[in-house]
1. Could you size up the charge dipole of segment 1-160 around its Cα centre, putting +1 on the beta carbon of Lys and Arg and -1 on that of Asp and Glu, and report it in debye to the nearest 20?
2. Write down the accessible area per residue of the chain in Å², having rolled a 1.4 Å probe over the full set of protein chains.
3. Bin width 5 Å, alpha-carbon pairs only: give the P(r) of segment 279-407 as whole percents, running from 0 to the bin holding the largest distance.
4. What is the pair-distance distribution P(r) of the chain, computed from all Cα-Cα distances in 20 Å bins starting at 0, with each bin given as a whole percent?
5. Given a cut-off of under 8 Å on Cα pairs at least six residues apart, what relative contact order in percent is computed for segment 263-407?
6. Greater than 29 Å separation of Cα atoms is the criterion. Which listed pairs, LYS94/LYS313; LYS156/LYS198; LYS156/LYS342; LYS198/LYS340; LYS94/LYS156, meet it?
7. Considering the convex hull of the alpha carbon atoms of segment 94-238, report its projected area averaged over all viewing directions, in nm², one decimal.
8. Can you tell which of HIS104, HIS151, LEU394 lies farthest toward the positive end of the dipole of the chain, using +1 and -1 charges on the Cβ of basic and acidic side chains (Lys, Arg; Asp, Glu)?
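The values are calculated or read from the model by the stated rules, or taken from the named source; none is laboratory data. Please read all numbers here as calculations on a predicted model, not as lab measurements. Note that we place each Cβ from the backbone using ideal geometry, even for glycine, and neighbour counts take in every protein chain shown. When the accessible area is computed, the model is the full protein with side chains, heavy atoms only, and any ligands, DNA or RNA have been set aside. Shrake-Rupley method; radii C 1.70, N 1.55, O 1.52, S 1.80 Å.
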Amino acid sequence: MDYQSQIDTALNALHEEGRYRVFHNIRRINQNFPKAIWTTPEGEEREITVWCGNDYLGMGQNPTVLAAMQDALLTAGAGSGGTRNISGNTSFHKFLEASIADLHNKEAALVFTSAYNANEATLSVLPRLFPGLIIFSDALNHASMIEGIRHGFGEKHVFRHNDIAHLRELLEAAPKDAPKLIAFESLYSMDGDFGPIKEICDLAEEFNALTYMDEVHAVGLYGPRGGGVSERDGLADRVDMINGTLAKAYGVMGGYVACNAKLVDAIRSYAPGFIFSTSLAPAIAAGANASVEYLKTHQELRDIHQARARNLKTQVKALGMPVSDYGSHIVPIHVGDPVKCKMLSDMLLHDYGFYVQPINFPTVPRGTERLRFTPSPVHSDAMILELVQALDGLWGQCALNRSKLTG
């Protein structure tokens, strides 16, 4: 076996298809985000505007969050010192979990190093807790949910995206007495569409199934206290397990699951992904806690966030560009070709200083490549206008036929 040749073949395939991923070297500017410094491949430093960040509300530079992190750093030092069951279970983690449980009106919460880790660890351990568990998973669930379900080695069925009728068919075909779980998302980040939470909860009650919902792209952003779409729609109490992140709207790092106390106890006791992972640094836990608490009482940031997204969508629609609009904060402009998608991204960055990463396969299906913009309260209307003008000028240069693209 020529190992190097095999590696070259794999990498060349990505280049030829136009979906090789370039990691741009950027340094965010504290108190001036969405501005950042981009170090070009030639070593030049240029100021750019970030348009694809997941720090949806700019909380990564919020003074309250930074002060909490600085205080914890000086108080407790850099790291936690271990896993949660070996010296890494600090008061910072306990305060954070209490805040999250309160956010979702659940008995308890369990914090992980990332929402990916939380999804993978929790979904993979549930078949051990409920022998014979059958999991019904939405076709567009996040990779972390798919991997978690796969690693549980239990029976699974995939229902067509947001297709309640198909989900019902699958539930009706399953053994009546078998334990069941429906896994889905409240907000799907690639298109920005919402999951039918009420209808899924209705089916779950009818078929005696548990519900597991990923609120990663919604926590902090929807609901009167930032509890997500389920809080906005008054449905959080009907969802058994809620997964969320502390790295997007909350601007820090980490993930969690929130549910009843006994289930949290079982997950923390049986899930290897939790048991054997060093816990979050105290400063990170403190910053995340400060952010969660801050956003419980600052609806104005959510209002501005939605207004910025509506503004960008309105302007790109006026230019005839194919943008998906389901009423969420996600602004995906469909390109439909990986090479052209990368070309647009490169031209925006090099010619205008606007950074938006192309979204290609396997994140989205082939033929649905897109640029996904995430305007925030720290993006001004003037910035949005400059971006739209740049897009209008570049769209034709990439030989994109707007009439043949769908959004």
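1. Numbers: 13 positive and 17 negative charges, 93 e Å.
Dipole magnitude for segment 1-160 comes out near 440 debye.
2. Spelled out: the 1.4 Å probe surface of the chain, per residue, equals 43 Å².
3. Histogram of Cα-Cα distances, whole percents per bin: 2, 10, 18, 20, 17, 12, 9, 8, 4, 1, 0.
4. Going from the shortest bin to the longest, the percentages are 26, 56, 18, 0.
5. RCO, segment 263-407: 25 percent.
6. LYS94/LYS313; LYS156/LYS342; LYS198/LYS340; LYS94/LYS156
7. Working: hull surface 33.2 nm².
Across all orientations, segment 94-238 yields a mean hull projection of 8.3 nm².
8. HIS104
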